[in-house]
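Peer 1: Encoded as structure tokens, here's the structure I'll be asking about.
The values are calculated or read from the model by the stated rules, or taken from the named source; none is laboratory data. Predicted model, so just to flag it, every value in this text is computed and none were measured. Counting neighbours? That spans all protein chains shown, and the Cβs are built from the backbone with ideal geometry, glycine included.
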Amino acid sequence: MNDRPLPPDLRQKWGHLRFLRYKGNGEWSAECPNCHDDGHDNSKGKPDRFMIFDHNTGTSRKARGKCRRCGHLEWLGDDPSKPITPKQRREDEKERRELAKLQEQKYLDRQEWLRQQTFWQEFHEDMTKGQRQIWHKAGVGNWAIDLHRLGYSQRDDGALSIPYMEGSDINTLQFRLMKPPSPGDKYRFLTGTRAELFRVWPDEPLTGVILITEGAKKGIVTFQGGPYTYQGESITVISVPMKNVPERLIKQLLDADLLIWLLDPDAYEIPRRRVGVQESSVSRNIRLAGDNRCLMVKAVDKIDDMFLAGLKTTTFQNMLNQAQPYIRKESKDGRQGKTYGRGS
Ligand SMILES: [Zn+2]
């Protein structure tokens, strides 16, 4: 994305904010004038929670800025000492919905484009022996490399390429950088595409009992030791692309009878100093998917590392047999047990 300075009228109001960056489509991001970079995890890049929308481009009728974290809202030309009116809030929300719709269509168009391309298959076909060995070292065997057409690309000084397949269609393409700028910043989705679910067996529907791992590689490594069962039912393995799973992806899992969450140990930590969020990723995901359809398996380490260190399939099957429900303490804000989707 080419950088672009704020137009002069917007610059007067928001030009002083730190980490100001152009995002495209008439949108900039920066740190928030209200909550600043409070609680921000710097290993994930600079704070960009404050969204600034220009009125000359995009769909905004009046320029404004809004914080994704604390909800702070500012309109261009308004007296900053006066509170935002309900009408302004409504207008903001309407425009946000319009923007989201536009963005959704862009993603779908880009996905359609990707499905017409063959470059990602060449990343697989052109892999050298040495590049294939990088996969082997990560615990991924030839069977999975060929099934998923896992590959190697020269971008960013070398990156593993991971197509996310659904049946014979590609949904998105992910890269695992060999030289990441920081340890927590290893993965990239192809520009213009977005995070999706990784289906370890691309043809299987997302029904029955689903085991959820974190990251495509872990899903594959876990699956290789299988098949696994839970109370006599066979298990479908999938991977989520991040600890805090986007709600649109959780919604894709609501036809399943049972979701068994096997996330990394740090998904159980409650992030400190974050405004308004006092919940671990596991708690959040299970709350959104519905407490009554979820169990969790708490492993002591990342599951692929455990398999590489010699974890036995029978031991892992025992861990699955002992999957536990998430016990939620009653909270004052009424967040516990919220379920959406079918029949609710
Ligand atoms: Zn804020």
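Peer 1: If a residue has to be assigned to a loop (DSSP other than H, G, I, E, B), closer than 19 Å to residue 302 by Cα and in contact with a strand residue (DSSP E or B) (Cβ under 9 Å, 6 or more places away or on another chain) to count, how many in segment 202-239 make the cut?
Peer 2: Number of matching residues: 3.
Peer 1: Check 90, 97 and return the single one that is closer than 30 Å to residue 169 by Cβ, surrounded by fewer than 16 Cβ atoms within 10 Å (Cβ to Cβ) and basic (Lys, Arg).
Peer 2: On the way: 90 fails: closer than 30 Å to residue 169 by Cβ.
That would be 97, the only listed residue that is closer than 30 Å to residue 169 by Cβ, surrounded by fewer than 16 Cβ atoms within 10 Å (Cβ to Cβ) and basic (Lys, Arg).
Peer 1: Scan segment 71-92 and give yes if some residue there is of a type outside the set (Gly, Ala, Ser) and in contact with a His (Cβ under 8 Å, 6 or more places away or on another chain), otherwise no.
Peer 2: From segment 71-92, those of a type outside the set (Gly, Ala, Ser) are 72-76, 78-80, 82-92; that's our starting set.
Restricting the remaining residues to those that are in contact with a His (Cβ under 8 Å, 6 or more places away or on another chain) gives 76.
Scanning segment 71-92, I find at least one residue that is of a type outside the set (Gly, Ala, Ser) and in contact with a His (Cβ under 8 Å, 6 or more places away or on another chain), so the answer is yes.
Peer 1: Another question about this same structure. So residue 243 fits all but one of (1) modelled with pLDDT of 95 or more; (2) out of contact with any Phe, Trp or Tyr (no Cβ under 6 Å at 6 or more places or on another chain); what number is the exception?
Peer 2: (1)
Peer 1: Let me ask something additional. Conditions: (1) under 28 Å from residue 182 (Cβ atoms); (2) crowded, with 17+ Cβ neighbours inside 10 Å. Residue 16 meets all but one. Number of the miss?
Peer 2: Evaluating residue 16 over (1) under 28 Å from residue 182 (Cβ atoms); (2) crowded, with 17+ Cβ neighbours inside 10 Å leaves (2) as the failure.
Peer 1: Continuing with the same structure: Select, from 81, 43, the only residue that is within 21 Å of the chain's Cα centre (by Cα), away from the ligand (no atom under 15 Å from the Cβ), surrounded by fewer than 17 Cβ atoms within 10 Å (Cβ to Cβ) and small (Gly, Ala, Ser). Break it down stepwise before answering.
Peer 2: Values: 81 fails: within 21 Å of the chain's Cα centre (by Cα).
Just a single option satisfies the conditions, and that option is 43.
Peer 1: Just one of the numbered conditions (1) at pLDDT below 90; (2) crowded, with 17+ Cβ neighbours inside 10 Å; (3) under 16 Å from residue 69 (Cα atoms) is not true of residue 54; which one?
Peer 2: Result: residue 54 passes all but (3).
Peer 1: So, one more: What's the number of the only condition in (1) assigned by TED's automatic domain parsing to the domain that holds residue 154; (2) surrounded by 17 or more Cβ atoms within 10 Å (Cβ to Cβ) that residue 238 fails to meet?
Peer 2: (1)
Peer 1: Does residue 38 count as within 15 Å of the ligand (Cβ to nearest atom) and in contact (Cβ under 8 Å) with a residue 60 or more places away in the chain?
Peer 2: Working: within 15 Å of the ligand (Cβ to nearest atom): yes; in contact (Cβ under 8 Å) with a residue 60 or more places away in the chain: yes.
When the stated conditions are applied, residue 38 passes them.
Peer 1: Any idea which residue in segment 46-64 is farthest from residue 95 (Cα to Cα), counting only those that are near the ligand (Cβ under 10 Å from one of its atoms) and in contact (Cβ under 8 Å) with a residue 24 or more places away in the chain? Give the steps one after another, and end with the answer.
Peer 2: Initial filter on segment 46-64 (near the ligand (Cβ under 10 Å from one of its atoms)): 47, 49-50.
Next, from what is left, pick out any that are in contact (Cβ under 8 Å) with a residue 24 or more places away in the chain: 47, 50.
Values: 47: 23, 50: 16 Å.
The selected residue is 47.
Peer 1: Continuing with this model, one more query. Among the residues of segment 1-35 satisfying the criterion of being closer than 22 Å to residue 92 by Cβ, charged (D, E, K, R) and more than 15 Å from the ligand (Cβ to nearest atom), which is nearest to the chain's Cα centre (by Cα)?
Peer 2: Across segment 1-35, the extreme among qualifying residues is 23.
Peer 1: Criterion first (under 24 Å from residue 71 (Cα atoms), surrounded by 19 or more Cβ atoms within 10 Å (Cβ to Cβ) and away from the ligand (no atom under 16 Å from the Cβ)) does residue 250 satisfy it? Give the steps one after another, and end with the answer.
Peer 2: Working: under 24 Å from residue 71 (Cα atoms): yes; surrounded by 19 or more Cβ atoms within 10 Å (Cβ to Cβ): yes; away from the ligand (no atom under 16 Å from the Cβ): yes.
The answer is yes for residue 250.
Peer 1: Quick check on this structure: which one of 119, 123 is more than 14 Å from the ligand (Cβ to nearest atom), buried (at least 19 other Cβ atoms within 10 Å of the Cβ), free of Cβ contacts under 8 Å to residues at least 40 places away in the same chain and closer than 30 Å to residue 160 by Cβ?
Peer 2: Numbers: 119 fails: buried (at least 19 other Cβ atoms within 10 Å of the Cβ).
That would be 123, the only listed residue that is more than 14 Å from the ligand (Cβ to nearest atom), buried (at least 19 other Cβ atoms within 10 Å of the Cβ), free of Cβ contacts under 8 Å to residues at least 40 places away in the same chain and closer than 30 Å to residue 160 by Cβ.
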